[in-house]
């Protein structure tokens, strides 16, 4: 990876929600969330996340985001727009699945936590 760019790819996760509420009951109890995993010369980090979407997971159902599901597409689109607002540009390539869009943006080294704390303490923001 070139040090002047950082790169990101959209991934997803299914989270088992252990709560009782409007979506509890047989076949419910999970959420879908898209996120952008990014890499630069400092390592990897989570660049952005979508909101969590409660989903039904009946026994035997696919645990992958469905391209034909308008809610899944909308959640994905919102994350793409968030990445663009943060300066990421979409690359022409993608991963094996429809949601795995790839992005890049110019790399700007970010101060470590100690430097951010120092700036906050002395008011040098």
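With the simple model of a label 7 Å out from the Cα in the direction of the Cβ, residue 52 to residue 78 spans 1.4 nm. Let's test the formula: R0 of 22 Å, r as the Cβ-Cβ distance of residue 4 and residue 115. What FRET efficiency results, to the nearest 0.05? Efficiency at R0 = 22 Å is approximately 0.55.
Computed from the coordinates by the stated procedures, all read-outs in this text should not be read as laboratory data. Here the structure is a predicted model, which means the values were calculated and not measured. Note that we place each Cβ from the backbone using ideal geometry, even for glycine, and neighbour counts take in every protein chain shown.
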